[in-house]
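First comes the structure, then the notes that go with it.
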Amino acid sequence: LDRSIYEKGSPELSQWSTIQQGAIKQFKVDLERSKIRGLTIIVDATGASSNVMAQRYGEFTREGYNTSALFVNTSLEVAQSRNQSRERVLHKKIVQHNWEQVQGNIELYKEMFGENFMEINTDKLKQSDKMPDYLIDQMTKFSSINEGVFASKDIELSKEFNSMMEGNYDVKKEA
């Protein structure tokens, strides 16, 4: 997205906000459908909101799910650098604010998830690097307690979300 999208009153910002709101709404629908089907669920979140995390944690544990968190940490400098290399660049202030929020929540998440809290710092890792043994051990321990965590399950996003993305951002459906 062009950086001008961040200008107040930008029609692109309004359109992007509408798409984000639609994606959030559809995520909630897809999440409920997955829970009804008894599927293993992985939620990708920044962790910037401890309230949202606590709400999701409570919701899943009340429904009988065993929960864990994989916290992928990085320095602010690396976060800013990676953001600049993305196709969809966020404003530096947004990255800094989210990074600070997340850093402020680490201890809470460690307490919340207990021994099922896993953390890795990716400052010096490349995408092609092998994950550290300690992390693999933690994931293996959690998955052996929770059979099926790593089972392959294909869950398609809803047709509405796919068509919204295809229509607004020329995102092509995978064959």
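The values are calculated or read from the model by the stated rules, or taken from the named source; none is laboratory data. Keep in mind that this is a model prediction, so the values were computed, not measured. Backbone-built Cβ (ideal geometry, glycine too); neighbour counts: all protein chains shown. Note: areas computed on protein heavy atoms with side chains; ligands, DNA, RNA excluded. Shrake-Rupley method; radii C 1.70, N 1.55, O 1.52, S 1.80 Å.
At a glance:
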{"read-out": "Residues satisfying the stated conditions in region 65-79, i.e. assigned to a helix (DSSP H, G or I) and touching a Phe, Trp or Tyr at 6+ places or on another chain (Cβ under 8 Å)", "value": "Leu76, Ala79"}
{"read-out": "Where a residue in region 52-75 is closer than 30 Å to Lys124 by Cα and open to solvent by 50 Å² or more (accessible area, probe 1.4 Å) and its partner, wherever it lies, is among the charged types (D, E, K, R) and assigned to a strand (DSSP E or B), with Cβ under 9 Å and at least six apart", "value": "Leu70/Glu119; Val72/Glu119"}
{"read-out": "Output for region 70-83, where each listed residue is within 13 Å of Asn105 (Cα to Cα) and in contact with a Lys or Arg (Cβ under 9 Å, 6 or more places away or on another chain)", "value": "Phe71"}
{"read-out": "The lone exception for Tyr109 - which of (1) closer than 28 Å to Thr140 by Cα; (2) open to solvent by less than 70 Å² (accessible area, probe 1.4 Å); (3) outside any loop (DSSP other than H, G, I, E, B); (4) without any contact (Cβ under 8 Å) to a residue 60 or more places away in the chain it fails", "value": "(4)"}
{"read-out": "Enumeration of residues in region 123-142 that are outside any loop (DSSP other than H, G, I, E, B) and not aromatic (Phe, Trp, Tyr)", "value": "Asp133, Leu135, Ile136, Asp137, Gln138, Met139, Thr140, Lys141"}
{"read-out": "Residue match in region 30-48 (condition: of a type outside the set (Gly, Ala, Ser), closer than 28 Å to Phe113 by Cα, surrounded by fewer than 10 Cβ atoms within 10 Å (Cβ to Cβ) and modelled with pLDDT of 85 or more)", "value": "no"}
{"read-out": "Single unsatisfied condition, Val89 versus (1) loosely packed, with under 14 Cβ neighbours inside 10 Å; (2) at pLDDT below 90; (3) not basic (Lys, Arg)", "value": "(1)"}
{"read-out": "Pairs with Cβ under 8 Å, 6+ apart, first in region 114-132 and open to solvent by 60 Å² or more (accessible area, probe 1.4 Å), second hydrophobic (A, V, I, L, M, F, W, C)", "value": "Met131/Ile120"}
